[in-house]
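Accompanying notes for the structure given below.
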Amino acid sequence: MATTNAALGEYGGLVDAQFVDINRRLALLWFHLTTRPVGWEVGSVWDAIAGDYKCADGWIRLHTNAPHHQKAALEVLGCRPDRDSVAAVLGNKSKHEVEQAVVDNNGCAAAMMSMEEWSEHPQGKAVKESPLIGWTSRPGDKPKRQGLKGLKVLDLTRVLAGPVATRFLAGFGADVLRIDPPHWNEPAVEVDVTLGKRCAGLDLNKSEDRDVLKRLISEADLMIHGYRPGALAGIGFGPDEIAELNPTLCDVSLCAYGWSGPWAERRGFDSLVQMSCGIAHEGMVRAGADKPVPLPVQALDFATGYLVAAAALRALRLQQLDGRVSQARLSLARSAHLLMSTGSHGAMGGGLAPSDQDFAPILEETTWGPIQRVSPPYTIDGESPKWPIAAGALRRHAAEWAC
């Protein structure tokens with residue numbers, strides 16, 4: 001078993017931990033979906049028309065898993081919701097013109113660019129000039145609590161990076177409360193990323209539900225959210241309002257395309273960022289393929305998710321040391337820049353799939369049925385993560401803390 005043992009310094013680790021052991025094989029497996037249903041099947045990750053399409057001048061990717069995102073794309077294209085109809089329309093159109101039209105209609109799309117094109121693009125330049133984790137802080141008092149046990153974490157994130165981060169925190173004792181809007185679902189990944197969490201629903205278009213969110217913010221120790229820059233402020237939860245509700249609240253946030261530049265407010269997902277920043281193009285070139293070749297997993301999501309968890313732990317550690325209240329900002333695009341900055345290298349090794357020995361021996365009873373889950377890849381000070389709440393459907397709990 002290949003294992004890395006690392007000593008953690010003053011600002012590292014699980015708030016005040018000393019040693020982390022990481023099983024490299026299992027860590028790689030946890031950069032993908034970790035569950036194997038027993039006697040049932042998980043649905044497709046993608047909807048009927050999501051995917052890559054050939055345009056007159058290159059490739060474009062549509063992300064249409066959410067019904068309102070599919071509606072936005074189809075309104076622009078003016079066709080039926082099937083791949084053949086979409087492909088027929090896009091075959092004669094400009095990829096950048098379609099991308100902009102879908103984005104302007106509150107949808108999600110990305111034209112494929114090369115790494116060189118992205119480096120010259122205004123958004124690519126903005127991402128390059130930004131830090132991997134952007135930090136701000138204000139003075140405060142040292143908290144009475146220590147560690148993650150019972151720490152109240154308000155989770156306002158969606159697929160996939162943010163839920164990965166809060167799943168990690170839940171495994172070491174944090175009281176994670178995830179909030180989703182009505183009708184939002186992530187059917188193919190909920191079984192993976194709801195592990196260990198209470199999952200509630202609020203409609204922030206309603207004043208009474210906004211009042212509930214205000215109460216939760218005022219009671220939380222840490223908030224992690226994946227709203228686009230300015231989106232929370234637009235509904236009355238900007239930084240000043242949050243600080244007034246809870247002066248001691250640490251805040252870690254992530255977005256798709258970065259916190260500055262012309263695309264800062266653009267909707268995005270891992271697969272779209274890979275198209276924009278040149279990863280899918282580089283894969284196509286290196287594979288000698290005639291279509292985009294993204295990474296074999298949604299590595300930007302998983303890498304950013306674990307960076308979010310690390311940023312949260314650092315924020316909590318700094319608060320313990322001198323009382324400062326920290327805010328951290330991350331993005332999928334900046335994680336992509338970190339990956340691409342190492343240069344282009346040939347593939348090493350073959351594909352990696354879990355074997356029977358990789359799964360934990362105890363079945364997990366989820367909302368949908370029993371599953372096997374890949375064993376956790378890490379221990380911290382000899383302690384493995386433990387998730388007392390099994391994975392389950394969104395909005396199945398009340399919008400309240402466990403204790």
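Structure notes:
- Just checking the listed ones, PRO139, PRO296, PRO182: in the Gaussian network model of the chain with Cα springs under 10 Å, the one fluctuating most is PRO296.
- Kirkwood hydrodynamic radius of region 139-186, Cα pairs, Å: 12.1 Å
- Two-decimal ratio, region 48-173, of alpha-carbon radius of gyration to 2.2 N^0.38 Å: 1.48
- Isotropically averaged projected area of region 163-246, using the convex hull of Cα atoms (one quarter of hull area), nm²: 5.8 nm²
- For the chain, convex hull volume per residue from C-alpha positions, Å³: 149 Å³
- Hydrodynamic estimate: the Kirkwood radius of region 142-296 over Cα pairs, inserted into Stokes-Einstein at 4 °C and 1.567 mPa s, corresponds to D of 75 µm²/s.
- Of ILE235, ILE279, ILE22, the one that fluctuates the most in a GNM where the chain has Cα springs shorter than 10 Å: ILE235
- Here the Karplus curve 6.51 cos²θ - 1.76 cosθ + 1.60, taken at θ = phi - 60°, turns the phi angles of region 396-403 into couplings of 8, 10, 6, 7, 9, 6, 5, 9 Hz, with x standing for Gly and Pro.
- Using the Stokes-Einstein relation with a Kirkwood hydrodynamic radius computed over Cα pairs, the translational diffusion coefficient of region 297-403 at 25 °C and a viscosity of 0.890 mPa s comes to 136 µm²/s.
- In region 233-367, Rg over Rh equals 1.07, where Rg is the alpha-carbon radius of gyration and Rh the Kirkwood radius from pairwise Cα distances.
- Taking the convex hull of the alpha carbon positions in region 112-171 and averaging its projected area over all directions gives 7.0 nm².
- Considering only TRP368, TRP59, TRP387, the mean-square fluctuation computed in a Gaussian network model of the chain, springs between alpha carbons under 10 angstrom, is largest for TRP368.
- Of the residues LEU318, ASN105, ALA264, the one whose Cα sits farthest towards the positive end of the charge dipole of the chain is LEU318 (charges of +1 on Lys and Arg Cβ, -1 on Asp and Glu Cβ, taken about the Cα centre).
- Exposure rule at most 13 other beta-carbon atoms within 10 Å, DSSP loop GluC sites (Glu not before Pro): the chain longest free segment: 130-399
- Per residue of the chain, the DSSP helices (runs of n ≥ 4 H) give a summed -39500 (n - 2.57) that works out to -9500 deg cm²/dmol at 222 nm.
- Between VAL285 and ILE389, residue separation times 0.36 nm minus the direct Cα-Cα distance comes to 33.0 nm.
- Apportionment of accessible area to carbon and sulfur, the chain, percent (1.4 Å): 54 percent
- Pairwise FRET efficiency - ALA87 versus ALA353, Cβ, R0 = 25 Å, nearest 0.05: 0.20
- DSSP-assigned coil residues among trypsin sites (Lys or Arg not before Pro) in region 83-150, each with at most 15 further Cβ atoms within 10 Å: LYS144, ARG145, LYS149
- Based on protein heavy atoms only, the chain ends up with 45 Å² per residue of surface accessible to a 1.4 Å probe.
- Distance between region 97-129 and region 13-65 - C-alpha centres, whole angstrom: 22 Å
- Stretch gain in nm, segment THR248-ILE362, where the contour uses 0.36 nm per residue and the Cα spacing is subtracted: 37.1 nm
The values are calculated or read from the model by the stated rules, or taken from the named source; none is laboratory data. Here the structure is a predicted model, which is why all the values come from computation and not from measurement. Because the Cβ atoms are built from the backbone with ideal geometry, glycine has one as well, and the counts that use them run over all protein chains shown. Ligands, DNA and RNA are excluded from the accessible area calculation, which covers all protein heavy atoms including side chains. Shrake-Rupley method; radii C 1.70, N 1.55, O 1.52, S 1.80 Å.
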